[in-house]
Structures are given as C-alpha cells and as structure tokens.
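Engineer: Quick one: the structure is below, and I'll ask about it shortly.
Any read-out appearing in this document is the output of simple, stated calculations on the displayed coordinates, not a laboratory observation. Bear in mind the structure is a predicted one, so any value in this text is a computation, not a measurement. Note that each Cβ is placed from the backbone with ideal geometry, even for glycine, and that neighbours are counted across all protein chains shown.
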Amino acid sequence: MFLIDANVLIAAKNLYYPLDRIPQFWEWLIEMGEADKIKIPREIHDEISERDNPLGDWARDSITKDALLLMEDPDPAFVQRVVKQGYDGDNPQFNDSELEKIGRDAFIISYALADAKRVIVTKEVSRPNRRMGNRHIPDACNDCGVSWCSDWEMYTSLDFNLRR
C-alpha cells in the first residue's frame with residue numbers, strides 16, 4: 001500500500017492534473033483507494049482538507065474520504081521512534097522548534113513502520129546532509145528502514161495512464 005504525502009497531491013493539482021481539467025487522475029486515486037492500494041493518513045488528509053481551494057474541497061468530499069483515508073491511529077511509540085531515529089530527536093539541540101519543522105512527516109513514516117508492506121510517496125528528494133527538523137522524508141525513511149518512492153514511481157507501479 002502506498003501512503004501519499006500532501007506534497008504529491010498539491011503538486012498534482014498545481015502542476016500536472018488540475019481537478020477541473022483532468023478529473024481522470026482524481027477518479028483513479030479514488031479507485032486505488034477503494035482497492036486499498038493508496039491511502040492518505042489522517043494527519044496528511046487534515047493538512048489538505050483544511051485548505052479553501054479545489055483540492056481541499058476534493059479531500060473533504062465523502063467519496064474521497066471513504067476511499068482514501070487511512071482508518072487507523074498512529075502508534076505513539078512508532079512516532080517517537082521516527083523522531084529519534086529519522087530526525088535526530090535524541091540530539092541535545094533538538095527542541096520544540098525542530099519538532100515543529102518536522103510537522104506531520106513523522107506521522108506518515110510511523111504508519112509505514114506499522115506495516116512493512118507500506119511505501120511512503122513523496123515529492124521530496126534525499127538531502128542526507130540535513131539534520132533534525134530540516135531532514136527530508138526520504139532520509140528519515142532510510143534511517144528508519146521504511147520504503148519510499150516518488151509519485152512517478154507509484155504511478156508507474158500502479159499503471160496510471162489517461163488512455164483508460
């Protein structure tokens with residue numbers, strides 16, 4: 001199962017698949033959600049749905065939520081593990097400001113820790129020299145032993161195309 005980061009959906013809406021121009025993409029996401037191939041953790045869904053724009057409207061729609069929302073709560077032990085292992089949370093300089101920079105990233109990674117078959121999908125790229133709250137999802141995933149990929153890799157893996 002692929003767990004989608006907010007930046008994947010934001011970039012899709014803004015750059016590649018505008019909701020009003022290419023609805024097939026958004027319908028495909030719902031189909032993949034209904035098939036349990038793609039899910040959006042609640043924390044990421046909240047980030048998207050709080051926006052007052054077409055993406056927020058799409059995310060708040062009951063059909064979208066029913067299909068794509070990952071219906072589980074984060075395991076606090078996994079979240080803590082992600083913060084410590086993936087974001088240098090045991091560093092004496094790690095403080096509330098650093099924790100704020102991480103935002104909801106630790107949660108999405110924690111859901112993948114809960115099930116080794118899950119893969120995080122993100123637009124972020126590896127920047128292994130960054131530390132603490134400035135780390136990117138791929139590097140935190142690598143440090144926690146969690147699989148990740150780009151959105152394009154997910155589209156290929158799930159055979160997304162517009163010729164359907």
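Engineer: Using the reciprocal of the averaged 1/r over all distinct C-alpha pairs, how large is the Kirkwood radius of the chain in Å?
Structural biologist: 16.2
Engineer: Specify the angular offset, from 0 to 90 degrees and rounded to the nearest 10, of the alpha carbon long axis of helix 23-34 from the longest principal axis of the alpha carbons in the chain.
Structural biologist: Approximately 60 degrees, to the nearest ten.
Engineer: Could you work out the relative contact order of segment 38-124, using alpha carbon pairs under 8 angstrom and six or more residues apart, expressed as a whole percent?
Structural biologist: Taking the mean separation of contacting Cα pairs over the length of segment 38-124, I get 30 percent.
Engineer: Place the peptides 46-59, 11-24, 130-143 in order of packing, highest mean first, counting for every residue the other Cβ atoms within 10 Å and averaging per peptide.
Structural biologist: For the peptides 46-59, 11-24, 130-143, the packing ranking is 130-143, 46-59, 11-24.
Engineer: Take Trp26, Trp148 and order them by how many other Cβ atoms sit within 10 Å, fewest up front.
Structural biologist: The order, fewest Cβ neighbours first, is Trp26, Trp148.
Engineer: Place the peptides 111-123, 72-84 in order of packing, highest mean first, counting for every residue the other Cβ atoms within 10 Å and averaging per peptide.
Structural biologist: My ranking of the peptides, most packed first, is 111-123, 72-84.
Engineer: Quick check on segment 82-149: what does the Kirkwood estimate of hydrodynamic radius come out to from the alpha carbon pairs, in Å?
Structural biologist: 11.7
Engineer: As a footprinting exposure proxy, order Thr64, Thr156 by other Cβ within 10 Å, with the fewest listed first.
Structural biologist: Listing Thr64, Thr156 from fewest to most nearby Cβ atoms yields Thr156, Thr64.
Engineer: To the nearest 10 degrees, how steep is helix 76-87 against the longest Cα principal axis of the chain, on a 0 to 90 scale?
Structural biologist: Once rounded, the angle reads 70 degrees.
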